[in-house]
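The block underneath contains the structure these notes are about, expressed in structure tokens.
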Amino acid sequence: MSSIGTATTDVTQLDVSGLKIAVVAASWHEQVMDGLLGGAKRALEQVGLLDTSTVVRVAGAFELPVVSQSLAQTHDGVVALGVVIRGGTPHFDYVCSAACDGLGRIALDTGKSIGFGVLTCDDEQQALDRAGLAESQEDKGYDVAAATLQTAVTLRELSQHG
């Protein structure tokens, strides 16, 4: 029985040599997005890919799929980062659905690692708690970048053993 891929988030143990990674990050909610983007960059820096990675900013979470799709054509993995905070209208539901469905479809259609880093929160505090800021409880930007790297490595291993 062969063992391909691991359930680790220790990115320093991954063989990421030769991988080309992109990060696409929404601009809406600057404080949260700066935290998410910072976390993703920390993960890429830990494995020596930050300087060779592509970082693109888009308006909001709705724009993540189309830009991620374009980046997936030339990259092994795309870390998609955004935040949508529930308001008093159905806008939240539409944007979250479009981002989730679009990014999932891109992963399946391209066979590339597409990291889903869209925070879907009921309020601003939930987003801040997950943004990877000094006062945050979680660092979802880092976590999603780590998962994207791990999946890209696993996909590469599968293609070599196929």
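Points to keep in mind about this one:
- Test for Phe92: is it surrounded by fewer than 24 Cβ atoms within 10 Å (Cβ to Cβ), of a type in the set (Phe, Trp, Tyr) and either modelled with pLDDT of 95 or more or part of a strand (DSSP E or B) (or both): no
- Residue list for the range 8-21, filter: of a type in the set (Ser, Thr, Tyr) and surrounded by 14 or more Cβ atoms within 10 Å (Cβ to Cβ): Thr9
- Among the residues of the range 22-40, just one is crowded, with 20+ Cβ neighbours inside 10 Å and either farther than 16 Å from Leu119 by Cβ or charged (D, E, K, R) (or both), namely Ala22.
- Failed condition for Ala7, given (1) of a type outside the set (Val, Ile, Thr); (2) at pLDDT below 95; (3) closer than 19 Å to Cys121 by Cα; (4) not in a helix (DSSP H, G or I): (3)
- Among the residues making up the range 57-83, those that are under 22 Å from Ser97 (Cα atoms), among the β-branched types (Val, Ile, Thr) and surrounded by fewer than 22 Cβ atoms within 10 Å (Cβ to Cβ) are Val58, Val66, Val67.
- Picking from residues in the range 125-143 that are assigned to a helix (DSSP H, G or I) and in contact with a helix residue (DSSP H, G or I) (Cβ under 8 Å, 6 or more places away or on another chain), the one that is nearest to Ala26 (Cα to Cα) is Gly141.
- Annotation note: Cβ proximity below 6 Å between a residue of the range 69-83 that is within 16 Å of Thr151 (Cβ to Cβ) and a residue that is polar (S, T, N, Q) and modelled with pLDDT of 95 or more (sequence gap 6+ or interchain) occurs for Ala72/Thr110; Gly77/Ser113; Gly77/Thr148; Val78/Ser68; Val79/Thr148; Ala80/Ser68.
The values are calculated or read from the model by the stated rules, or taken from the named source; none is laboratory data. Since the model is a prediction, treat every value here as computed from it, not as a measurement. Positions of Cβ are backbone-derived with ideal geometry, glycine not excepted, and every protein chain shown enters the neighbour counts.
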